[in-house]
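Asker: Got a structure for you, written out below as structure tokens; questions coming shortly.
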Amino acid sequence: MRKEVFTFKGQNNESMHAVVWLPEKEPEMILQVVHGMTEHMGRYERFAQTMCDAGIGVAGFDLRG
């Protein structure tokens, strides 16, 4: 599994933290994850590993608040 961490500018020019987990081969699809309140994308690392093992990429960003 390859993990790519990056930031992008959101509303009001706020910096947003994002992560993409990709399988070693070309992914068959990408699954977008939106976390729940008081969570963060780091909690989805094990889930992302399972998906990548099945050839599915996972992406998401940390919501503000």
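The values are calculated or read from the model by the stated rules, or taken from the named source; none is laboratory data. Everything quoted here is computed from the prediction, not taken from an experiment. Methodologically, a virtual Cβ is constructed for each residue, glycine included, from the backbone with ideal geometry; neighbour enumeration extends over all protein chains shown. Accessible surface is based on the protein model in full, side chains and every heavy atom, while ligands, DNA and RNA are left aside. Shrake-Rupley method; radii C 1.70, N 1.55, O 1.52, S 1.80 Å.
Asker: Confirm whether residue 37 is out of contact with any strand residue (DSSP E or B) (no Cβ under 7 Å at 6 or more places or on another chain), of a type in the set (A, V, I, L, M, F, W, C) and either farther than 15 Å from residue 1 by Cβ or open to solvent by less than 30 Å² (accessible area, probe 1.4 Å) (or both).
Answerer: Considered against the rule, which asks whether it is out of contact with any strand residue (DSSP E or B) (no Cβ under 7 Å at 6 or more places or on another chain), of a type in the set (A, V, I, L, M, F, W, C) and either farther than 15 Å from residue 1 by Cβ or open to solvent by less than 30 Å² (accessible area, probe 1.4 Å) (or both), residue 37 comes out as yes.
To keep it simple, each residue is scored yes or no on (1) among the acidic types (Asp, Glu); (2) under 13 Å from the mean Cα position of the chain (by Cα); (3) at pLDDT below 95.
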site	(1), (2), (3)
20	no, yes, no
24	yes, no, no
32	no, yes, no
37	no, no, yes
43	no, yes, yes
49	no, yes, no
63	no, yes, yes
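Asker: In segment 12-32, what count of residues is obtained for those that are of a type outside the set (A, V, I, L, M, F, W, C) and open to solvent by less than 30 Å² (accessible area, probe 1.4 Å)?
Answerer: Residues flagged as of a type outside the set (A, V, I, L, M, F, W, C) and open to solvent by less than 30 Å² (accessible area, probe 1.4 Å) within segment 12-32 amount to 1.
Asker: Here is a follow-up. Do we find a residue being assigned to a loop (DSSP other than H, G, I, E, B), touching a helix residue (DSSP H, G or I) at 6+ places or on another chain (Cβ under 7 Å) and charged (D, E, K, R) anywhere in segment 35-43?
Answerer: Checked against the condition, which is being assigned to a loop (DSSP other than H, G, I, E, B), touching a helix residue (DSSP H, G or I) at 6+ places or on another chain (Cβ under 7 Å) and charged (D, E, K, R), segment 35-43 yields no hits at all.
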